[in-house]
Each structure stands twice: as C-alpha cells, then as structure tokens.
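For reference, the structure discussed in these notes is given below.
The values are calculated or read from the model by the stated rules, or taken from the named source; none is laboratory data. A quick note: this is a predicted structure, and the numbers were derived from the prediction, not measured. In this analysis, Cβ positions are derived from the backbone assuming ideal geometry, glycine residues included, and neighbour counts consider all displayed protein chains.
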Amino acid sequence: AQSVTQLDSHVSVSEGTPVLLRCNYSSSYSPSLFWYVQHPNKGLQLLLKYTSAATLVKGINGFEAEFKKSETSFHLTKPSAHMSDAAEYFCVVWGNSGGYQKVTFGIGTKLQVIP
Amino acid sequence: EAQVTQNPRYLITVTGKKLTVTCSQNMNHEYMSWYRQDPGLGLRQIYYSMNVEVTDKGDVPEGYKVSRKEKRNFPLILESPSPNQTSLYFCASRMGLGGPYTGELFFGEGSRLTVL
C-alpha cells in the first residue's frame, strides 16, 4: 500500500521568514518522492525530487527537502519566504515495482505569504 | 518548447452529452496519465498509459474512457457526463521506466469541466 499525508492544509508565514511544509509517506517499496507547486489557474510544476541519491535535495526557487527514511518524512523548507511563493504545494510518491506504476498525491498545502 | 497541451481549457456541458478532452505531448514520452483535482482531495489518477495501446485504470476510473492510438495523444472520453464529474482535469506525461529522470511528470495547464 502507498499513501501520502500532508500534515497541514494551510500554512501562513510572513515574508522573509522560514517556510516548512510537512509530508509523511508510506510505501511498500523504495519510492521516489516529489514536491510540486501549483500557482492559481496553472498546471503543476516540479520543485524537486528524491530518487535514492542524496537525502538532502535542492530544488528551484531556494526550496529544499530532506528525505528521512526512519521518520518516513519528506518535508519541504525554504529559509526566507517571498510573496511569489504563495501557491499550493503537493507532495507526491511514485512507486515502481515490477513495472507497476503507482503515483499518489497528497491533498495539498496552501501557502499564504503575508507582507 | 517541450509541453503538454490540453483542450478545451474550459467547458460547460449538460448531463449525458458525450465529450472528449484532448491531450498531446511533444516530448516523445512513453507514459501519459489523467488526473482530476477536487478541493480537499488533491489529485487523483483516473487512467494511465505506459505506451501505445497499453492503458490501465487509476484510482477513480468510473465514468471515463481513454485510448492511446498514437504515442503523443491520450484523449479522455466522458461517454455520459454527470454532475459529479465536474472537476479540474490534468493530463501529464513522463519518460518510461528507467533513465535519470524517472518519475518526473510534466503537466498540462488543466481543463475545467462543469457538467450541469
């Protein structure tokens, strides 16, 4: 079985302060993990991905995430929020076993950035 | 420019009137898939295709059909739409199994469908 839990549906931060968006997953196999961002009326854009290489993954726009197998977590962080970061963020698990492809999305976290 | 193109972007229709949402990608990707996005539920996979003539159900396939006759196209068909299919739909594609970019999905801009 495979699942993704985004622990916060809404997160509000002040501009210039750190961002933390939390994601926990479960998977029977060694998964690939992703964070996507969706701006209003747009498709999803890849922020970063973990595919069993380095556990600390750097993405675009200053975002990074750390894969912690012992905690089954893949939290997204950014040191300093910018107004343009206001969007919805999705944590995604991709499992690949014997050619069977299973992708599972979290329900999303809406990030509000306050001036 | 590498892209996934969906049409129409917006559609209002009535119950029972068959419709097709087209999806085309220009990246020669093997894998294509459809999702619907509903508030509080995130994205849920409807169907996916590993290659031409190979399709399989996702998590919410009821009421939908797909076909994959050409590598670049993966249309989503609603034979008899109902109001509970009102949603925002996304098509996505990626390379096949293996390779350094395994798993990265490229998304279209979305198609907002309203069924009255």
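Below, the figures for the structure above:
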read-out: Tally, over region A:18-28, of residues that are exposed (fewer than 13 other Cβ atoms within 10 Å of the Cβ) and among the hydroxyl-bearing types (S, T, Y); value: 1
read-out: Out of A:A53, A:A65, A:A1, A:A87, sole residue that is within 29 Å of B:N51 (Cβ to Cβ), away from every other protein chain (no Cβ under 11 Å) and small (G, A, S); value: A:A1
read-out: Tally of residues being closer than 19 Å to B:N26 by Cα and part of a strand (DSSP E or B) across region B:43-53; value: 4
read-out: Exclusive hit being in contact with a strand residue (DSSP E or B) (Cβ under 6 Å, 6 or more places away or on another chain), touching a residue at least 60 places away in the same chain (Cβ under 8 Å) and under 17 Å from B:F90 (Cβ atoms), set A:G43, A:G95, A:G108; value: A:G108
read-out: Flag for A:V13 being in contact with a strand residue (DSSP E or B) (Cβ under 7 Å, 6 or more places away or on another chain), away from every other protein chain (no Cβ under 14 Å) and either over 25 Å from B:D59 (Cβ atoms) or in contact (Cβ under 8 Å) with a residue 24 or more places away in the chain (or both); value: yes
read-out: Residue list for region A:25-46, restricted to those being modelled with pLDDT under 95 and hydrophobic (A, V, I, L, M, F, W, C); value: A:L33, A:F34, A:L44, A:L46
read-out: Residue that is farthest from the chain's Cα centre (by Cα) [pool: residues in region B:32-49 that are among the aromatic types (F, W, Y) and more than 10 Å from every other protein chain (Cβ to nearest Cβ)]; value: B:Y47
